[in-house]
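These notes are about the structure you will find just below.
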C-alpha cells in the first residue's frame, strides 16, 4: 500500500519537480529574452536635426531639389552637427550590451569584420562616429540624442579608417576635402547593440538611419565659354557638361551688375591655423582697406574653425611649383582681387580666373611671433594631411565671393560668403542648358565672366576660364525700322489709322458671321 | 461708301457659306459619289492642308521707309521657313466642275539674326534681334476637281481669295523690342498687326493614283478620300486694307508646298 503510495507517490513528486524546473527554465529564458531584446529605432524622426554653431537649423537647410537631407561642401565647412533622436529599449544595464554609432559608405556595419574585428584595421569599412552608451539601463522605450559631426561622417571616406573602436578624430576643414571626385557617395549611419567586447549581439536589433548622400565636390567647369556683347547685356554661352553630377550652372560676373566700383574688387581669403596658437587676427595682403575687411571676415570664420583646424595644414603649389611646408603657422590663402577688367582680349579678373579647389594667388604665413610672409604663386592649392593635392582637375569648389553670382536671390547669397554657400538654385537649372543672358549692365564698361557647374547638392564647382566682354548699343530690327521712318508698333491691337475704332477688322468679320447665321435661319424657315 | 466697301470685304470670305445649304441638298442626291469617288464610301466635305514655304516679308516695301531697307539690314536676304495649317469647307459642290467654300488658315515664321553694333568696328554682337509673324487668312476656295473626278486625271487646280491678317512681334534678347524716340522720348513696343488681302493659285496632285488600294483602305479606315501634294503661288498683301495707314508689311509672295487631305 505504501509502496503503491510510494510507488504511486514517486511519479507524482517527479512530475511536480519537473514542472517546477520547466517553470524556472521558462522564467529564466523569459527574463533573459527580455534582457537581450535590445531594440533601437528612430522611425519617429528618421532624419537628424542639424546644428550649426549650436543653433538648430532644422532637418534641412536647402531646397527640396538640392539634396536637402544630404551633406554638401557648405555643410561640412560650416562644421554642421547631425543630431539623431533614437528610441532605445531592452537594455538592462549592468552586464548588458553597449550601443554605438558607426558609419560606412559600403552599406553595412553589422558584421564584425566591417568594423575591424577579426581583420586588419585596413580592411574595416566602418568607422565609429559616436561612442554611444555603455551598458545603458533602458528597459522601457527611452529617446536619446546622439550628435555626429558632419566632418566625422565624411572625413574617413578616403582617409585611413581609424582602427576598430577608435572614434573618428576631428580633422577640421580638411575633412571636407576628402572626396576624390565629384561623384556623390552614400553614407549609412548604424546604431548597433554591441557586446562589451565590441562584437555584434545577434539578439539585439540594430538600426540603420536613412542613407545620406554626401557630395563635397562640385562638377567640372563647362568648356568653351563665349561672351557676346549686347545693349546693356552680355550673352554667355558654353558647352554643357555631360557628367552625371551637373544639375545647373552658376554664372559669375566681375564687377557685379550695378556695381559702382568697377575698378577694384576685394580679395577673398581663407585662413587656416594649427590647433595651438591663436589665428591671425589681422594680416594685410597689400595694405588695402578692402582686403583687410575681407580678411577680418575670414578670420571670424577661422576662429570658429580654429579648434578643428588641421594639425599639419600644408600649402603646396601646383605641380609646376614647389610645395611650401608651414606646419607651425596660420596660413592665409588669398584668392586675390580684381583690377579693372580688360576691354577686349584679356580677362583681368583674378577673382574669376584660375578657379580650382581652394585656389589662391598668394599665401600669407603668420608665424607665432607675428611676422607675416607672403608668397605669390599662381594656382596654389591646399593639400590634405598626406601632402597630396586634393584637386584632381575635374572637380572642386568655387571660392568666388557670392556677390559675383548672377541670377541668384541675394537672400541666399550672404555677403562676403564664397559661392559654395549659395543655398538657392543655380543661375540656370538643367545640365543641358548652355546659355545665359546677363542684363542690367552698363554699356562701355568691360566685364569678366566665368561659369561654374552646380551639382544636385548645391555644390558650385570651379569656374571656367574667365572671358571678357563689353556691352554696347546695337541696331536691332525694330530700331532700324523706326529710325528709317516705319510707323507700326505699339501693341498687337494698336491702331495705325487715326480715328479708326478699335478692332475694326475683327468687328467686320464678326458682322459677316452674324449675317451668315441670319441667312441660314431664314432659309430654314422657308423650308 | 468707304464703310460699305469694308463691309463687303468682311463678307467676302463667308459669301460661299450662304449657298452651302444648296450644296448639301445636291450631295444628298448622290452626286458626291459620282466619278472615281464612287469607289469610296465616305462622304467628303472638308480639306485640311499642311503648308510650308520659303518666305521673305515685304517689310522694306513700305513707302514710309522711303527706300530704306531695315529688314534687309537686320536679317539679310535669305528667305525663312513659313509653316501653316489650313482647313477648307467644301460647302458647295458644282457638278462636273468642282467645289467652292470658305477656308481658314494660320501660320508662323520666325526670323532672327545677330544684331550689329551701332559703333565701329560694328559687326555682329551677341544680341539676337527677331521678328515673329503669325499670319491668319479667311478666304474662299474654289477647287476644280472635274479632271480627277470625271476624267481620272489626278490634277486639281484651285484658287483662293480672301482677307489676310498677321500679328507680328519684333524682339531682342531681353524680350519685345522697345524703341524710344530720341526726339520725343516716347517709347513704342515692337508688336502689332497688319491687315490685307490673301490670294493663292495652285495645283494639287492626287496621290491616290500611286496606290489606289491603299487609298481606299485609308478612306475606309479614316474617311480620307484623297491625299494631295500641292504647289501654290501665294500672295499676301498686308498693306492695311484701307484701315491702316502704315502697317508693317509682313506679308509677301512665296511658293508654298504641302500636303492636303480631303475628308
- Mind listing just one residue for me: the one in segment B:179-203 that is within 8 Å of chain A (Cβ to nearest Cβ) and assigned to a strand (DSSP E or B) and, of those, nearest to residue B:145 (Cα to Cα)? B:195
- Message: Suppose we filter A:449, A:454 for residues that are in a strand (DSSP E or B), modelled with pLDDT of 85 or more and within 14 Å of another protein chain (Cβ to nearest Cβ); which single one remains?
- Response: A:449
- Task: Please tell me if residue A:417 is closer than 19 Å to residue A:240 by Cβ, under 26 Å from the mean Cα position of the chain (by Cα) and more than 14 Å from chain B (Cβ to nearest Cβ).
- Result: no
- Message: Filter segment B:218-263 down to the residues that are closer than 23 Å to residue B:108 by Cα, more than 14 Å from chain A (Cβ to nearest Cβ) and either touching a helix residue (DSSP H, G or I) at 6+ places or on another chain (Cβ under 7 Å) or part of a loop (DSSP other than H, G, I, E, B) (or both) and list them by number.
- Response: B:228, B:229
- Message: Condition check: more than 8 Å from every other protein chain (Cβ to nearest Cβ) and at pLDDT 60 or above. Does residue A:444 satisfy that?
- Response: yes
- Message: Considering only segment A:29-41, I want to know if a residue exists there that is out of contact with any strand residue (DSSP E or B) (no Cβ under 6 Å at 6 or more places or on another chain), part of a loop (DSSP other than H, G, I, E, B) and at pLDDT below 80.
- Response: yes
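Filter segment B:145-167 down to the residues that are part of a strand (DSSP E or B) and touching a helix residue (DSSP H, G or I) at 6+ places or on another chain (Cβ under 9 Å), then identify the one that is farthest from the other protein chains (Cβ to nearest Cβ).
That would be B:155.
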- Would you kindly identify the strands (runs of 3 or more DSSP E) lying entirely within segment A:163-249 that contain at least 2 residues that are under 17 Å from residue A:455 (Cα atoms) and away from chain B (no Cβ under 14 Å)? A:185-194, A:212-215
- Item | segment A:458-502, subset in a strand (DSSP E or B) and facing chain B (nearest Cβ under 8 Å), residue modelled with the lowest pLDDT | A:469
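The values are calculated or read from the model by the stated rules, or taken from the named source; none is laboratory data. Computed from a prediction, not measured in an experiment: that's the story for all the values here. So basically every Cβ, Gly included, is an ideal-geometry build from the backbone, and we count neighbours across all protein chains shown.
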